[in-house]
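To start, the structure itself, in structure tokens.
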């Protein structure tokens, strides 16, 4: 048995045992297939079953519940300078610099709010991430400048942020948060 639990715009699917199946979602479409039928209070209730009422179709978009994360390649975390060169020990980040993060699992983008992975992200216009995205560097909140679906990909996102000032030189910890869900931390060198 599948049971829907409705709560403030989010829906969860549970099985008969009450087990959570690991998705959240939203109702985006309501379509009336046939208009409702007006019935009289004097009508025999048995006729209501014969004639029925209107028919509706609901469409729910379900999203897997994954934590947001900085994409990691064999060379390290996918954090880039403005010229798309990787932030490395030989080319560390600097205070006030705008960096780009290649991220995963940030959810649907506007304006269409389609489930991630249903089609590649468009380049023009850029598709903004619908959920609030935050970046912290060594626990300090960084100014997020941009959070968009990376054009041509299915579940990669570009998040641009400004490195906060006052960071000690060495390794800094970066953490992404999307829809108030924190992701795992990664480390990059700062100068």
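Reported count of residues in the range 90-126, each being over 12 Å from the mean Cα position of the chain (by Cα), surrounded by 18 or more Cβ atoms within 10 Å (Cβ to Cβ) and within 19 Å of residue 66 (Cβ to Cβ), is 3. Taking the range 50-84, which residues are loosely packed, with under 10 Cβ neighbours inside 10 Å and either assigned by TED's automatic domain parsing to the domain that holds residue 157 or modelled with pLDDT of 95 or more (or both)? Matches in the range 50-84: 73, 74, 75, 83, 84. Could you list, in sequence order, all residues of the range 126-141 that are modelled with pLDDT of 90 or more and either outside any strand (DSSP E or B) or under 14 Å from residue 178 (Cα atoms) (or both)? Those that are modelled with pLDDT of 90 or more and either outside any strand (DSSP E or B) or under 14 Å from residue 178 (Cα atoms) (or both): 126, 127, 128, 129, 132, 133, 134, 135, 136, 138, 139, 141. Number of residues in the range 143-183 that are part of a loop (DSSP other than H, G, I, E, B) and surrounded by fewer than 12 Cβ atoms within 10 Å (Cβ to Cβ): the value is 6.
The values are calculated or read from the model by the stated rules, or taken from the named source; none is laboratory data. Computed from a prediction, not measured in an experiment: that's the story for all the values here. FYI the Cβ positions are ideal-geometry reconstructions off the backbone, even for glycines, and counts take in every protein chain you see.
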